[in-house]
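The values are calculated or read from the model by the stated rules, or taken from the named source; none is laboratory data. Bear in mind that the values here come from a model prediction, so they are computed numbers and not experimental data. With ideal geometry, Cβ positions are generated from the backbone for all residues, glycine too; neighbour counts draw on all protein chains shown. Protein only, heavy atoms only, side chains kept; ligands, DNA and RNA dropped before computing areas. Shrake-Rupley method; radii C 1.70, N 1.55, O 1.52, S 1.80 Å.
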Amino acid sequence: MAAANYSLNVKRQLLDPNFESYRLSLDPLPTYTVELDAAVAEVKLKDSQYTLDHVRAFGMYNYLHIDPWYEDSVYFVDCKGRVLNLTVTLDTALGKPKEVFRLPMDRSSCENHLCASLSFASATWAALADGTGKLYLLRTSKRGDSAHTRWEPLFTKDLGEPFILIHSLSHVRAGFLSVELLLLRIQQDQLESRGSGFSVFLEWLTVTSSSEQGPERKYEVTKSRVLRGGSVPHYAAVEPQGRGLMVASEKPFQFTHVDGEPLQDPGPEAMEVEEKADPIYFWQQTAEDITVSIRLPEGTTKDGVMFQLSADHIMVGVQNYSPLIEGQLHSLVDPEASTWILKDNKSLEISLQKRNKGAMWPELVPGDRRGEMLVSEEQAALLHERLNHLTAEDLNPNPEKEKPPCNSQELEECDIFPEDSSSLTRFDGTTLKPTHVVNLGSHQYLFTVAIDPSEMPCFCLRHDVDALLWQPHPEQPDHMWEHIATFNALGYVQASKRDKKFSTCAPNFSYAALGECLRRVFIYRQPLPMDTVLFNRKQGKQVGQVAKQQVASLDSNDSVLGFRATNERLFVLTSNHLFVLKVNN
């Protein structure tokens, strides 16, 4: 995994250090129900899909798709293979969802088929996967028109193993239309022998038109890139114009194939190991002096020794040889009290008197690695005694201290640091190498939401107790991710919802929503000014703003399959009903 080279910069002006809590509001949430003609095409996990990655990718899949180009317009696929759309203009006059496309009915013949997935590439294009491995590119015309024009398939291809679509976008380059698609598969992998036996694969496809315009315009896959990873990504999206790819995951991803050909794995870069030569000199010290022993060439005489010493500099050598020691000393010495002696014409022993008595030197000549310091048993015992206070055999050797050491057994589940630290990586679309890596650490991923269709999807992370929303800006390498909104205490609140299945927020950040597996929906509104004067009972201060929490209970016993929010409404999809909650007027 590439080393982290970037960090997320929090905008302090978007944080509220004085936020206290959400106030439960009993104001009713208007809820409108649409009964479906046919059940949603839910695909339950099979016995062979037993890993946590299968649950995250397919078991927790959001079957409801929102159109970021047209407000209050949602789509889903029913068990008859129909792609249905509900566009809300008036809550009290909700019509039946209208069919815009129909998939073939032989999907169940595929043994390991997945749920159908939909992604909107532009205001007039959509991509659809049927769950058996077949991909459709559909021209939708302007979906906001009330005519509900039938979608026209312009490209169909069987890509083999089943997959789900997680992102798509279209762009025009040199007059040719290109559609970037990001597919996700979980397949058995022989290389994954230690774990579950499955690996996660992301396939980045580029589909391009063969001509600029005209009825003969055809589409074909012009580029295919495959990434392999060890966990389902929390976030994955292609940059505008297909310039790169961003992936946030617990375990790193790496490109393995391009156009079906395996990439040459450069492997880990070999570290340059410098063979350590035998020391030229040895030295040891006491509180008052330093003794240096230097090996000399055989036959060296006293006249051949070159020795220069000042208060802060030393040079020792032999005639016709390069200096054996030369450089500035670590600290000052007394040159007049220092001596040297030649022993058996084989070694030179130097005695240096420290000017600052008691100070221990870590090096003789800073930066010189040709010598080795010798530590006596007395000095080792002294060092051990000095450092003994930093270690202890008991968990709390001094129970009378005001602040006892941290006990990991007292931590709550949401406070425990994950074993695999998540990372956010940006890959260059040309070199396929990571250019920006952020270590997310304990910043728990919460959800992904499309705020502006012209920008990449945003992602929400937990920072301390808050939830912070981040907008990627790939065109700004020095400011790649921008903190654009904060949901106070939402990180802490969502951790307490043990049955939480979905979470999202409004594009204008006016509220965040959590949905449980059954029935209950929680709305957390941003603080708003009070119409009346309100005082805090404990502090006696006037309260200027209040953040409200609302709870809605759906009239259904079916599990929640889809969950999407707009500025005014929250859409909740179950097997047989589509609920529309009016959140804002």
(message) I need a count of the residues in region 328-339 that are farther than 22 Å from Gln379 by Cα, of a type outside the set (Asp, Glu) and surrounded by fewer than 16 Cβ atoms within 10 Å (Cβ to Cβ).
(response) 3
(request) Quick one: in region 299-341, of everything that is in a strand (DSSP E or B) and of a type in the set (Phe, Trp, Tyr), which residue is farthest from the chain's Cα centre (by Cα)? (result) Trp340
(message) If Tyr22 meets every condition in (1) open to solvent by less than 90 Å² (accessible area, probe 1.4 Å); (2) of a type in the set (Phe, Trp, Tyr); (3) under 25 Å from Asp558 (Cα atoms) apart from one, which number is that one?
(response) (3)
(message) Step by step: first the residues of region 155-166, then only those that are open to solvent by less than 70 Å² (accessible area, probe 1.4 Å) and on the phi < 0 side of the Ramachandran plot, then the one that is farthest from the chain's Cα centre (by Cα). Which residue is that?
(response) Phe155
(message) So Lys357 ticks every box in (1) within 23 Å of Ile280 (Cα to Cα); (2) in contact (Cβ under 8 Å) with a residue 12 or more places away in the chain but one. Which box is left unticked?
(response) (1)
(request) Answer with yes or no whether Ala123 is part of a loop (DSSP other than H, G, I, E, B), within 22 Å of Tyr219 (Cβ to Cβ) and either of a type in the set (Gly, Ala, Ser) or in contact with a helix residue (DSSP H, G or I) (Cβ under 8 Å, 6 or more places away or on another chain) (or both). (result) yes
(message) Could you list, ordered by first residue, the pairs with Cβ atoms under 6 Å in which the first is in region 129-140 and in a strand (DSSP E or B) and open to solvent by 10 Å² or more (accessible area, probe 1.4 Å) and the second is at pLDDT 95 or above and not polar (S, T, N, Q), at least 6 apart or interchain?
(response) Tyr136/Leu128
(message) I need a count of the residues in region 342-364 that are assigned to a loop (DSSP other than H, G, I, E, B), open to solvent by less than 50 Å² (accessible area, probe 1.4 Å) and in contact with a Lys or Arg (Cβ under 9 Å, 6 or more places away or on another chain).
(response) 1
(request) Scan region 228-238 residue by residue and report those that are open to solvent by less than 10 Å² (accessible area, probe 1.4 Å) and either modelled with pLDDT under 95 or in contact with a helix residue (DSSP H, G or I) (Cβ under 9 Å, 6 or more places away or on another chain) (or both). (result) Gly229, Ser231
(message) Could you go through region 43-51 and let me know if any residue there is within 30 Å of His234 (Cα to Cα) and in contact with a strand residue (DSSP E or B) (Cβ under 8 Å, 6 or more places away or on another chain).
(response) yes
(message) Return the residues of region 167-178 that are closer than 27 Å to Val88 by Cα and either of a type in the set (Ser, Thr, Tyr) or open to solvent by less than 20 Å² (accessible area, probe 1.4 Å) (or both); say none if nothing qualifies.
(response) Ser168, Ser170
(request) Take Leu103 and decide whether it is crowded, with 19+ Cβ neighbours inside 10 Å and free of Cβ contacts under 8 Å to residues at least 40 places away in the same chain. (result) yes
(request) Look at Ala547 and say whether it is surrounded by 19 or more Cβ atoms within 10 Å (Cβ to Cβ) and at pLDDT below 95. (result) yes
(request) Of the conditions (1) touching a residue at least 24 places away in the same chain (Cβ under 8 Å); (2) within 19 Å of Glu298 (Cα to Cα); (3) small (Gly, Ala, Ser); (4) loosely packed, with under 13 Cβ neighbours inside 10 Å, Gly367 clears all except one; give me its number. (result) (2)
(request) Mind listing just one residue for me: the one in region 44-85 that is aliphatic (A, V, I, L, M) and surrounded by fewer than 19 Cβ atoms within 10 Å (Cβ to Cβ) and, of those, farthest from Gln188 (Cα to Cα)? (result) Met60
(message) With the structure loaded, tell me whether Ser168 is in contact with an Asp or Glu (Cβ under 8 Å, 6 or more places away or on another chain), within 21 Å of Leu202 (Cα to Cα), of a type in the set (S, T, N, Q) and assigned to a strand (DSSP E or B) or whether it fails that test.
(response) yes
(request) Note down all Cβ pairs under 8 Å where the first residue falls in region 331-350 and is under 11 Å from Phe307 (Cβ atoms) and among the small types (Gly, Ala, Ser), the second is surrounded by 12 or more Cβ atoms within 10 Å (Cβ to Cβ) and modelled with pLDDT of 90 or more, and they're at least six residues apart or on different chains. (result) Ser338/Leu309; Ser338/Ile350; Ser338/Ser351; Ser338/Leu352; Ser338/Gln353
(request) Give just the number: which of (1) modelled with pLDDT under 90; (2) open to solvent by 70 Å² or more (accessible area, probe 1.4 Å); (3) under 24 Å from Leu103 (Cα atoms) does Glu152 not satisfy? (result) (1)
(request) Starting from region 191-218, keep only residues that are more than 28 Å from Gly175 (Cα to Cα) and modelled with pLDDT of 70 or more, then list their pairs with residues that are of a type in the set (D, E, K, R) and open to solvent by 30 Å² or more (accessible area, probe 1.4 Å) whose Cβ atoms are within a distance under 7 Å, requiring at least 6 positions of separation or different chains. (result) Phe198/Glu192; Ser199/Glu192; Ser199/Arg228; Phe201/Arg228
(request) Search region 295-325 for residues being in contact with a Phe, Trp or Tyr (Cβ under 7 Å, 6 or more places away or on another chain) and modelled with pLDDT of 90 or more, and hand back the single one that is farthest from Ala380 (Cα to Cα). (result) Phe307
(request) Spot the failing condition for Leu561; the list is (1) more than 26 Å from Leu94 (Cβ to Cβ); (2) at pLDDT 95 or above, and only one is missed. (result) (1)
